[in-house]
Amino acid sequence: MMYDALTCFYKDFKFYFASRIIYLLLALYILISVGLTFWGTDFYNDSTINLQQFFANQPLVFAIIIPALTMRSIADEYRDHTLEIIMAQPISRLAFVLGKFMAAWAICGVMLIASMSFWFLLSFWLALDNFWILWCYVAAWIASGTLCALSLLAASFFAHMLSAFALSLAVCFLLTNLNLGWIGGLFTQHSLLALKIAGSFSFAAQYDNMISGQISLSSLMYFASTTAAFVWLTGAVLDYKRR
Amino acid sequence: MLEVKGIRKYLGDREILRDISFSLSDNGITALLGPNGAGKTTLMRLLIGFYEPDFGDIIINGYSLDANRIKAVSHVAYVPESGGIYPEMTVFEYLKFMADIKHVTQADFAANLADLASSLELHQVMEQKCETLSKGFSRRVAIAGALISNPKFLILDEPCEGLDVKQKVNLRAFLKKRSRSCAILISTHIMEDVEAMADRILLLSSGQLICDAEPQELKSKANKLSIEASFFSLVQG
């Protein structure tokens with residue numbers, strides 16, 4: 001299955017760079033990421049400057065960029081009738097989806113690498129905690145994987161890219177901004193435990209946990225399991241459409 | 001052998017195909033005919049595993065499409081009515097991708113590529129992007145992509161649609177030659193293609209297989225001189 005997934009990954013990764021949109025998205029990503037880092041913050045006067053704001057905003061930035069990145073991923077396969085061709089090949093739906101997911105995730109990696117110039121530039125003037133920053137980059141990439149998988153899942157429902165974009169944008173915003181703390185409040189008797197359980201399902205809480213500097217196994221598990229679930233569900237949606 | 005056993009397909013509440021059964025041997029050209037909306041494309045999509053039948057099964061080379069889709073479809077190739085190629089790829093990249101996805105070895109790929117490029121006259125467009133190809137070249141590239149793995153069954157939806165006379169004649173000759181080593185199922189509205197190529201005809205009407213016969217048999221059955229007249233007589237009658 002991995003060979004098939006890699007074949008699809010290679011095709012999709014090249015496809016992203018065949019379009020000029022990728023360069024536009026890359027520029028947009030850098031612009032929004034850097035803009036949000038400076039905007040509304042006391043960036044220059046902060047004595048403990050460490051790119052905290054940059055990483056804190058990454059889920060929001062990816063929630064905008066990733067739907068635009070993945071909206072054509074499945075819609076174009078419908079438009080060009082290539083989905084019929086792919087589905088007639090001896091590969092599993094999961095391998096096909098996995099290839100698409102890996103390609104989108106790799107593009108997120110490229111975007112994060114491109115943003116590193118910002119880090120290198122600042123490191124000339126400021127004494128930065130480079131290990132922490134590197135870890136935050138890894139954390140942001142891991143979190144972007146979950147959003148890529150969710151966005152592909154939303155896109156798999158539509159044969160039209162604008163519908164795919166609209167639903168992907170909505171669900172990515174929902175996931176990144178959903179505060180599940182209120183669920184804990186419903187169980188006043190066991191509120192501490194309930195809060196902990198509700199928090200463990202919250203994307204924002206898990207991401208904050210990751211960029212707080214600690215390598216948390218539960219957070220890694222959260223992102224790995226949600227990503228795997230979304231990828232699997234995308235395969236299931238495509239499979240369901242056969243019926 | 002490709003066997004279709006009593007398949008039924010519903011799309012929503014509408015019954016698209018009703019109790020379809022037939023089989024294809026390992027060579028020859030079978031034409032799938034029927035008026036618009038008869039269920040031809042749905043039937044072809046079922047044969048490639050794109051759709052799942054609601055009842056019945058399709059057995060390809062001994063493998064059930066329902067129980068063992070991956071092994072079953074490894075013997076089948078399909079070319080849809082339009083598109084079916086990646087516009088952003090070059091012709092060579094597309095053919096390589098199709099070979100990779102079917103696990104064709106490098107040696108087989110090189111041999112098949114040389115054969116198909118010369119038979120379908122693709123040498124001159126090999127490095128060209130698919131989106132820049134003319135309709136005739138697009139069809140030929142899509143067919144080359146389907147044949148790059150030497151499938152046992154080739155399913156073509158309107159293969160000659162939009163081609164000029166010379167291209168049609170060449171493609172018919174190519175398919176006829178290829179049909180000695182693989183079974184070809186074509187869906188078409190062009191009766192000239194059927195007269196020129198078909199060894200057998202499957203006639204679909206309102207989701208039902210109303211005739212499965214050789215061209216001569218079909219004409220005698222309808223008591224007409226041409227396939228076109230026989231088609232109208234059987235579909236309307």
DSSP beta bridges in the protein assembly as shown: the antiparallel percent, rounded to 5, is 55
Accessible area per residue, Å², chain A with all protein chains present, probe 1.4 Å:
47
For the protein assembly as shown, what is the mean residue ellipticity at 222 nm derived from helices alone (per DSSP H run of n ≥ 4: -39500 (n - 2.57); sum divided by total residues; nearest 500 deg cm²/dmol)?
-18500 deg cm²/dmol
How much length would be gained if the chain were fully extended between A:Asp239 and A:Ala27, taking 0.36 nm per residue of separation minus their Cα-Cα distance, in nm to one decimal?
72.8 nm
Over chain A, what is the relative contact order in whole percent, taking alpha-carbon pairs under 8 Å and six or more residues apart?
26
Given the protein chains as shown and a 1.4 Å probe, how many square angstrom of A:Leu175 are accessible, to the nearest 10?
30
Shape verdict for the range B:134-173, please, from the Cα gyration tensor: rounded (a/c under 1.5), prolate (a/b greater than b/c) or oblate.
prolate
Let me check something: with ligands and nucleic acids excluded, how do A:Trp119, A:Trp141 order by accessible area (1.4 Å probe), largest to smallest?
A:Trp141, A:Trp119
Segments B:138-147, B:201-210, B:214-223 sorted - mean Cβ within 10 Å per residue, highest first:
B:138-147, B:201-210, B:214-223
Given the peptides B:24-34, A:8-18, arrange them by the average over their residues of other C-beta atoms within 10 Å, most packed first.
B:24-34, A:8-18
Please report the accessible area of A:His160 (heavy atoms, 1.4 Å probe, ligands and nucleic acids excluded) in Å², nearest 10.
110
Over chain B, with every protein chain in place, what whole percent of the accessible area is carbon and sulfur at 1.4 Å, could you tell me?
48
Of all GluC sites (Glu not before Pro) in the range B:45-126, which ones are in loop regions per DSSP and have a Cβ with at most 13 other Cβ atoms within 10 Å?
none
Hydropathy at least 1.6 by Kyte-Doolittle, axial extent at least 18 angstrom from the Cα trace: which helices of chain A, defined as entire DSSP H runs, fit?
A:21-38, A:93-123, A:161-177
Most to least packed among A:218-227, B:96-105 [average Cβ atoms within 10 Å]
B:96-105, A:218-227
Expected integer from the mean partner chain Cβ neighbour count at 10 Å over B:79-90 is 5
Accessible area lost on pairing B with A, both sides, 1.4 Å probe, Å² to nearest 100?
2700
Could you check which residue among A:Arg72, A:Arg93, A:Arg20 shows the biggest mean-square fluctuation in a GNM of chain A with a 10 Å Cα cutoff?
A:Arg20
Angle between the Cα long axis of helix B:165-178 and the longest principal axis of chain B, 0 to 90 degrees, nearest 10?
90
Taking just the alpha-carbon atoms of the range B:42-109, what radius of gyration and Dmax come out, in angstrom?
14.0, 41
Could you work out the equivalent-ellipsoid semi-axes for the range B:159-201, taking the square root of 5 times each eigenvalue of the Cα gyration tensor, largest first, in whole Å?
16, 13, 8
Size of the protein assembly as shown as Cα extents on the principal axes (Å, biggest first)
94, 58, 34
Rounded tilt (10° steps) of B:227-236 against the dominant C-alpha axis of chain B:
50
Normalising by the residue count of chain B, find the relative contact order in percent from Cα pairs under 8 Å and 6+ residues apart.
27
Need one value for A:73-80: mean number of C-beta atoms belonging to other chains within 10 Å of its residues' C-beta atoms.
2
Students sometimes get this wrong: rank A:Tyr23, A:Tyr207 by accessible area, probe 1.4 Å, all chains present, largest first.
A:Tyr23, A:Tyr207
Taking chain A, how much of its Cα-Cα pair set, in percent, is spaced more than 24 angstrom apart?
49
Taking a quarter of the surface of the Cα convex hull of the range A:1-138, what do you get in nm²?
9.5
Between the range A:229-243 and the range A:118-179, how many Å separate their Cα centres?
23
Kindly work out what percent of the DSSP beta bridges joining two residues of chain B are antiparallel, to the nearest 5.
55
Taking a 1.4 Å probe, which of A:Ser123, B:Ser230 shows the most accessible area, and what order do the others take after it?
A:Ser123, B:Ser230
Residues of B:36-46, mean number of Cβ from any other protein chain within 10 Å of their own Cβ, rounded to a whole number?
1
What are the principal axis extents of the Cα atoms in the range B:15-158, in Å, biggest first?
46, 33, 27
The range A:1-130, relative contact order [Cα under 8 Å, separation at least 6], %:
48
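The values are calculated or read from the model by the stated rules, or taken from the named source; none is laboratory data. This one's a predicted model, so the numbers in the text were calculated from it and none came from an experiment. In this analysis, Cβ positions are derived from the backbone assuming ideal geometry, glycine residues included, and neighbour counts consider all displayed protein chains. Side chains included, ligands, DNA and RNA excluded: accessible areas come from the protein's heavy atoms. Shrake-Rupley method; radii C 1.70, N 1.55, O 1.52, S 1.80 Å.
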